[in-house]
Amino acid sequence: FFPGALKSDFPEHPEYPPSNFSCFSEGQHCGFSNFEGLVADLWQSYRHPSCVAAHSMETAWYCDSAMTHYAYVKSPVYILENQYDTNQIMTQNGCPKPTPSSPMSNVINAYI
């Protein structure tokens with residue numbers, strides 16, 4: 001899962017994942033595509049029935065994110081996620097691998 005976006009990134013949609021690197025590096029808030037159903041179908045994701053009931057058919061995919069889903073879990077939960085997941089940051093969000101000589105090293109560090 002992706003974390004929810006920062007309020008400064010998608011203030012109207014905190015359930016969205018963060019902007020991808022190309023948008024971030026240009027000072028834009030974008031890069032999110034609603035892959036409604038694709039990820040859930042691929043991974044056969046579980047959507048909590050109470051979460052699905054609280055959303056429309058168009059927004060039920062919000063329940064695929066722990067950001068939204070966890071509010072509907074009744075048992076105690078301890079959530080742990082690697083803040084610097086290189087697969088999410090570099091592969092899925094398109095951030096180049098940082099190198100000391102990279103002309104974009106300041107932007108990369110700000111993104112991470």
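The values are calculated or read from the model by the stated rules, or taken from the named source; none is laboratory data. Since this is a predicted model, take the numbers as computed values, not measurements. Here the Cβ positions follow ideal geometry from the backbone for every residue, glycine too, while neighbour counts run over all protein chains shown. With ligands, DNA and RNA removed, areas are computed over all heavy atoms of the protein, side chains included. Shrake-Rupley method; radii C 1.70, N 1.55, O 1.52, S 1.80 Å.
Taking only the stretch 53-72 into account, find how many residues are in contact with a Cys (Cβ under 9 Å, 6 or more places away or on another chain) and open to solvent by less than 50 Å² (accessible area, probe 1.4 Å).
Residues that pass the stated criteria total 6.
When the residues of the stretch 14-49 are filtered to those that are at pLDDT 85 or above and open to solvent by 50 Å² or more (accessible area, probe 1.4 Å), which remaining residue is farthest from Met104 (Cα to Cα)?
Among residues in the stretch 14-49 that are at pLDDT 85 or above and open to solvent by 50 Å² or more (accessible area, probe 1.4 Å), the one farthest from Met104 (Cα to Cα) is Pro49.
Restrict the check to the stretch 76-93 and report whether at least one residue is surrounded by 12 or more Cβ atoms within 10 Å (Cβ to Cβ), within 13 Å of the chain's Cα centre (by Cα), in a loop (DSSP other than H, G, I, E, B) and at pLDDT 80 or above.
yes
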